[in-house]
1. Are any residues in region B:356-405 among the β-branched types (V, I, T) and in contact (Cβ under 8 Å) with a residue 40 or more places away in the chain, and if so, which ones?
2. Just to be sure before I move on: is B:A287 more than 10 Å from chain A (Cβ to nearest Cβ), part of a helix (DSSP H, G or I) and within 23 Å of B:G66 (Cβ to Cβ) in the structure I sent?
3. Scan region B:107-122 residue by residue and report those that are in contact with a Gly (Cβ under 9 Å, 6 or more places away or on another chain), of a type outside the set (D, E) and within 9 Å of chain A (Cβ to nearest Cβ).
4. Tell me which of these B:A157 doesn't satisfy, since it passes every other one: (1) at pLDDT 90 or above; (2) buried (at least 24 other Cβ atoms within 10 Å of the Cβ).
5. Residues that are among the β-branched types (V, I, T), assigned to a loop (DSSP other than H, G, I, E, B) and out of contact with any Gly (no Cβ under 9 Å at 6 or more places or on another chain): does region B:155-167 have at least one?
6. Only one residue in B:S439, B:S452 is in a helix (DSSP H, G or I) and either over 30 Å from B:V537 (Cβ atoms) or of a type in the set (D, E) (or both), so which one is that?
7. Here is a list of conditions, (1) within 30 Å of B:G470 (Cα to Cα); (2) hydrophobic (A, V, I, L, M, F, W, C); (3) more than 10 Å from chain A (Cβ to nearest Cβ); (4) surrounded by fewer than 18 Cβ atoms within 10 Å (Cβ to Cβ), and B:F331 meets all of them except one; can you say which number that is?
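The values are calculated or read from the model by the stated rules, or taken from the named source; none is laboratory data. Note that this is a predicted model, so its numbers are computed, not measured. For neighbour counting, all protein chains shown are included, and Cβ atoms are generated from backbone atoms with ideal geometry for every residue, glycine included.
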Amino acid sequence: MSDPVTARIAQNPRFKELVHERTRFGWILTGAMLAVYFGFIGLIAFDKALLATKVGSATTSLGLILGVAVIVFAFILTGIYVQRANGRFDALTAELNRDLAR
Amino acid sequence: MAALAVSAAFAAGPDLGPIAQQATNWPAIGMFGFFVIFTLGITYKAAMGTKSASDFYAAGGGISAGTNSLAIAGDYMSAASFLGISGLVYTSGFDGLIYSTGFLVGWPIVLFLIAERLRNLGKFTFADVASFRLDQTSVRIISATGTLVVVAFYLIAQMVGAGKLIQLLFGLPYLYAVIIVGVLMIVYVAFGGMKATTWVQVIKACLLLGGATFMAGAVLFKYGFNPEALFSAAVATHPKGDAIMAPGGLVNNPIEAISLGMGLMFGTAGLPHILMRFFTVSDAQAARKSVFYATGLIGYFYILTFIIGFGGIALLMSDPVYFKLGPAGAFDKIKDMVGGTNMVAVNLANAVGGPYFLGFISAVAFATILAVVAGLTLAGASAVSHDLYASVIARGRTNEASEVRLSKISAVVIGIVAIYLGYVFENQNVAFMVGLAFSVAASCNFPVLTMSILWRGTTTWGALIGGFVGLFAAVGMVVLSKAVWVTTFGNPVAIFPYDNPALFSMPLAFLTIYVVSKLDNTARAKRERALFDAQFVRSETGIGASGAHAH
């Protein structure tokens, strides 16, 4: 750490908090997306019969609903991240900037 | 991207090899002409406002999150994903959905791991980010090589697709299409830079989303807005019957399925023309919002194509007007569709909106290809001028004006090369090329980028060797796979047993970067690890990052 400004920011507790929270949150959501998508692909590969099951007495199959659900899930997940980033993470960044300006 | 879907449609459907040129479609040509005149007007305006390198590469960093999300979605919704996926749904039903989900799920990963950091660290290309604390020359060589390889394969697939489509849609010869696309993309990119490329993409995204919404709406309207009624009608009409509601033959081998999924998912996060879009917004917040909106738009679009595919089954399959009739008026509901199953969406446009709506959808499909190749050309030209020329050849001894001039020349050269390749590959099987572009992006660009941002230990040697290992592994495995080794070279058996290499080539690249970096004990490596803190602080906070119009 040659640069004193960098060192000051890196040692700031708010910076540590921000990075820790955001990194953790990002990886949790990444894990959720991977699990859901590869779970869906796994079902297609290993249990086609399950996905062919009808929902109630209708024509619509479980697989179709799950497929659309994967798409909707991906969108909701990005929404959750943006929601938290706009609130919590941006607030932490703003606090950090105030700290540094002092 | 869409050519992959088309490839699936090609593979799943009947032979669409020799496509017969259709009767000249004047309404479609007229509407396309209107689109061209309008976008050239925008290009002229953009060219007036494009002065600096920042204007040329990143539209001055002044694109809003909403506009950028439409441009990102536009880059991703190509003609073939529209025509190919709806055609795939028409032939196989549910299986079309497998591709739609695969293409979408990369976006959350882009958002969670790289979008904001990319904006905070970068300037014009993703090589700026990867070389932030690593050796400029080496990292730009690997990044630019990865970019150009991805752009080349993607462009070939798009050019050949454009040529085939124009025969079907406009009833004009193949070569006309390739030349029209090539010349227009040169004009957009060389004169209007990122501003024009972005706005062309935005307009096309609006037209495509609008047209697809109208079609899906018209289909649902016929079934009282009850999807269940649509599905029942489709099952009653389709020769495969109820099987279209369940997974079919597209994914039989789990390893193949996972490898395809990894390529689609992580390839998205390594496509250079998509990554460039994060530098056109003012800050990390805008980058984050653009991915959120874009994910929504793309997801919505894939749901529309699914409805359109089912609408095709329900409304077209029993109507002999849309088929080439055999003796006694008999026809195969899948094999004999006029123009092949890639024309489902176009034929459906005629069924629900008449010949002028058919013309509109045809024009939009062609405009879509044009916008996508313009984005690719800009990404390729930036890699040549900003990465290879300015940092590797001139080693910083150049100025903005000559760098931008070289970028414009590169755009012209790339355009001419693309026309030539489109001409050469006319009768080749290019269906595997978009899949290959995604695999290279996932196995070279994505590992180099993420490891340099996220792992302190990454050194120049690690990134350079790991990137090339990923690149050669992805290309090598595809060359040895069935699509090239057997189909193109005519060998009896494929050496590499899978069609999609990402499951093997991507971890190999990550592992190589890790091992080589660990073994790297040079003084430079020590310096690079020490510089990680400065990069880390900036990537997480944006402190020190250049804002809009600041560079």
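1. Result: B:I361, B:V364, B:T368, B:I369, B:V372, B:V373, B:T377, B:V384, B:V392, B:V404.
2. yes
3. Residues satisfying the conditions are B:W107, B:L111, B:F112, B:L113.
4. (1)
5. No, because not a single residue in region B:155-167 is among the β-branched types (V, I, T), assigned to a loop (DSSP other than H, G, I, E, B) and out of contact with any Gly (no Cβ under 9 Å at 6 or more places or on another chain).
6. Result: B:S439 is the single residue among B:S439, B:S452 that is in a helix (DSSP H, G or I) and either over 30 Å from B:V537 (Cβ atoms) or of a type in the set (D, E) (or both).
7. Just one mismatch for B:F331, condition (1).
Each row is one residue, and each column tells you yes or no for (1) surrounded by fewer than 16 Cβ atoms within 10 Å (Cβ to Cβ); (2) within 23 Å of B:K289 (Cβ to Cβ).
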{"residue": "A:V5", "(1), (2)": "yes, no"}
{"residue": "A:T30", "(1), (2)": "no, yes"}
{"residue": "A:N86", "(1), (2)": "yes, yes"}
{"residue": "A:D99", "(1), (2)": "yes, no"}
